[in-house]
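*Asks:* Right, I'll just put the structure down here and ask away after.
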Amino acid sequence: MNLLKKIKKLNLTFLNNNYNQMTAIIHSLKYSSGKYISLLDADDFFVKSKLKTLKIEIDKNQKKILYNSYYTLKNKKYYINKRHFLIRKLIWPIFPPTSCLTVEKKIFQKALKKISYKNFSSCWLDFRLAIYFSKYHKNEISYLKEKLTIYRKNENGNDNIYNNFLSIYYWKRKFEAVVLNIKI
C-alpha cells in the first residue's frame, strides 16, 4: 500500500487546534524508512544540495545529529543579519530552526518520547530538541557551517508574540524554558 493510501486510512479526527507539529512528526515517523530524518517546516526550503551534503557529512564524521546553518528569507529577500542574531540572543537563546535538523531515526524517536509537548506550550519543538540533544547526545552532534536551509521569517508568525520583553508572553516563555530545561 502506498504512503498516500496509508495516510488516508489514518483516523484524522484529531485534526484540530491540538494537532501540532510534534504530533504530525510522530505519525509520519511510522511511515519513514530511512536511517536519518531531516525535518522541514511547511514555510521553509532546502537548498538543492542539502541531502547530498548531509550524506557526505554523515559518512565522513559518523555523527548522528546534524544542525546546518541557514539563509533567512524575509520580505522576499535573503539575508544574514548579524544584528538580528544579537537581538534574538536577548529575546530567546540562539539555536537553529527545526528545518536545520537531521537526526538518526532511532535517536529522534527516543527524543520524542522524552520531550513532552503537553506542558510548556510556548516552548516549541526546535527548542525542546536542542535542549534534549545538548544534554544527552552532546558528542554526537555536528554543526555544519554550510547554509543548507532557507528559513522563512514571517512577520505575522506565532513566534512574534514572544518578542516583546514587556509582554507577559515573553516572560511566560522564559519561565517555561527554564523549567523545561530542568525537566528534560
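*Asks:* So which pairs qualify, if the first residue must be in the range 123-147 and under 12 Å from P96 (Cα atoms), the second must be assigned to a helix (DSSP H, G or I), the Cβ gap must be under 6 Å, and the two must be at least 6 apart or on different chains?
*Replies:* Sorted first by the residue in the range 123-147, then by its partner, the pairs are L125/Q21; L125/M22; L125/T98; D126/T98; I131/N181.
*Asks:* Give the residue, chosen from L40, L15, L4, that is more than 25 Å from K174 (Cα to Cα), in a loop (DSSP other than H, G, I, E, B), at pLDDT below 70 and among the hydrophobic types (A, V, I, L, M, F, W, C).
*Replies:* L15 is the lone residue from the list that is more than 25 Å from K174 (Cα to Cα), in a loop (DSSP other than H, G, I, E, B), at pLDDT below 70 and among the hydrophobic types (A, V, I, L, M, F, W, C).
*Asks:* Please work out which one of (1) modelled with pLDDT of 90 or more; (2) touching a strand residue (DSSP E or B) at 6+ places or on another chain (Cβ under 6 Å) is the condition K60 fails and give its number.
*Replies:* (2)
*Asks:* Something else: Name the pairs whose Cβ atoms lie under 7 Å apart, with the first residue in the range 109-121 and of a type in the set (V, I, T), the second outside any helix (DSSP H, G or I), and 6 or more positions between them or separate chains?
*Replies:* I115/I184
*Asks:* Among the residues of the range 18-28, write down those that are hydrophobic (A, V, I, L, M, F, W, C), touching a residue at least 40 places away in the same chain (Cβ under 8 Å) and either closer than 27 Å to K74 by Cβ or in contact with a strand residue (DSSP E or B) (Cβ under 6 Å, 6 or more places away or on another chain) (or both).
*Replies:* Matches in the range 18-28: M22, I25.
*Asks:* Follow-up question, since we're still on this one. What is the residue count in the range 131-155 for residues that are more than 30 Å from K77 (Cα to Cα) and surrounded by 15 or more Cβ atoms within 10 Å (Cβ to Cβ)?
*Replies:* Summing the residues that are more than 30 Å from K77 (Cα to Cα) and surrounded by 15 or more Cβ atoms within 10 Å (Cβ to Cβ) in the range 131-155 gives 6.
*Asks:* Would you pick out the residues in the range 25-35 that are surrounded by 13 or more Cβ atoms within 10 Å (Cβ to Cβ) and under 19 Å from K114 (Cα atoms)?
*Replies:* Result: I25, I26, H27, S28, L29.
*Asks:* Among all residue pairs at least 6 apart or on different chains, which show Cβ distances below 6 Å where the first residue, located in the range 34-62, is small (G, A, S) and the second is at pLDDT 95 or above?
*Replies:* Taking only residues 6 or more apart or on different chains, the pairs are S38/T102.
*Asks:* Name the residue, out of Y31, Y70, that is in contact (Cβ under 8 Å) with a residue 12 or more places away in the chain and part of a strand (DSSP E or B).
*Replies:* Just a single option satisfies the conditions, and that option is Y70.
*Asks:* For residues that are exposed (fewer than 15 other Cβ atoms within 10 Å of the Cβ) and modelled with pLDDT under 75, tally how many sit in the range 160-184.
*Replies:* 4
*Asks:* Let me ask something additional. Restricted to the range 127-152, and to residues that are out of contact with any Phe, Trp or Tyr (no Cβ under 9 Å at 6 or more places or on another chain) and hydroxyl-bearing (S, T, Y), which residue is farthest from F45 (Cα to Cα)?
*Replies:* Of everything passing the filter in the range 127-152, Y136 is farthest from F45 (Cα to Cα).
The values are calculated or read from the model by the stated rules, or taken from the named source; none is laboratory data. The model shown is predicted, which means the values in this text are computed figures rather than measured ones. Cβ coordinates were reconstructed from backbone atoms using ideal geometry, including for glycine residues, and neighbour counts include every protein chain displayed.
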